[in-house]
Amino acid sequence: MTKGRMEAFSDGVIAIIITIMVLELRVPHGAELASLRPLAPVFLSYVLSLVYLGIYWNNHPHLTHAARLVDGRILWANLQLLFWLSLFPFGTHWMGETAFAAVPVAAYGGVLLMAALAYTLLVRALLARHAADSVLAKAIGSDLKGKVSLACYVAGILLAAFVNRWLGMALYTIVAFIWLVPDLRIERALAEHKD
């Protein structure tokens, strides 16, 4: 089976998720700038989620570009990733509407963690389908960035739930900055493979 169908479906689902999130942004009731102030948490949570969805949207084709074939296991792993990404609008809205209360911030971190785990499972499924000396396997390597991200999500959830919600938010934001630049390991491996 070719990977084009999976890539097109994933792009479409992510576009729908972003559309749902933007529809949650409500127009203020007043005409003054001060009427925007109560909407600040909603807008900030939207921006963070948009960045995260952009990161997944940007890295997903890099990952699948290095793959030659997909099978049922890979399709299911991809669908699981899309499931967790589809919960971003819920987590985003809950966190924004409650002005970053501790439980919604921890729950948002749970969605981030599960999406990252699903992405890791997708990577593992792709690696299982390709040889150990494939371009994909060489590009992924030990995936230190992925492991650090998972640890930060767990720490962020615990900090938000039991210590301080802003510490949790800080960790989620740091992970977003870590991944803001697309994963260039795959691009480098593909370029080396062509030479």
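To the nearest 20 Debye, how big is the dipole of the stretch 1-146 about its Cα centre, given +1 on the beta carbon of each Lys and Arg and -1 on that of each Asp and Glu? Let's see the in-between values first.
Details: 10 positive and 8 negative charges, 79 e Å.
Value, rounded to 20: 380 debye.
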inquiry  = I need the GluC sites (Glu not before Pro) found in the stretch 2-83, filtered to DSSP loop residues with at most 14 other beta carbons within 10 Å of theirs.
reply    = E32
remark   = Nearest 10, in degrees from 0 to 90: the angle of helix 184-194 to the longest Cα principal axis of the chain is 20
task = Express in whole angstrom the spacing between the alpha-carbon centres of the stretch 15-64 and the stretch 72-91.
result = 19
request  = Rounded to the nearest 500, what is the 222 nm mean residue ellipticity of the chain from helices alone, with -39500 (n - 2.57) per DSSP H run of 4+ residues and division by all residues?
outcome  = -25500 deg cm²/dmol
key: Label assignment, log10 I(q)/I(0) by the Debye sum over Cα atoms at q = 0.10, 0.19 Å⁻¹ derived from the structure, set (1) -0.49, -1.34; (2) -0.45, -1.29; (3) -0.38, -1.39   = (2)
Using a Förster distance of 35 Å, the FRET efficiency for H29-F90 (Cβ separation, nearest 0.05) = 0.90
request  = Would you kindly find the accessible area of T92, with a 1.4 Å probe and non-protein molecules such as ligands, DNA and RNA excluded, rounding to the nearest 10 Å²?
outcome  = 10
query = In degrees from 0 to 90, rounded to the nearest 10, what is the angle of the helix 102-129 Cα long axis to the longest principal axis of the chain?
reply = 10
inquiry  = Between helix 165-179 and the chain, what is the angle of the helix's C-alpha long axis to the longest principal axis, kept within 0 to 90° and rounded to the nearest 10?
reply    = 30
ask   = If you put +1 on each Lys and Arg Cβ and -1 on each Asp and Glu Cβ, how big is the dipole of the stretch 1-55 around its Cα centre, in Debye rounded to 20?
value = 80
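The values are calculated or read from the model by the stated rules, or taken from the named source; none is laboratory data. Everything numeric in this text was worked out from a predicted model, so none of it was measured. Every residue, glycine among them, receives a Cβ derived from its backbone with ideal geometry; neighbour counts consider all protein chains shown. Accessible surface is based on the protein model in full, side chains and every heavy atom, while ligands, DNA and RNA are left aside. Shrake-Rupley method; radii C 1.70, N 1.55, O 1.52, S 1.80 Å.
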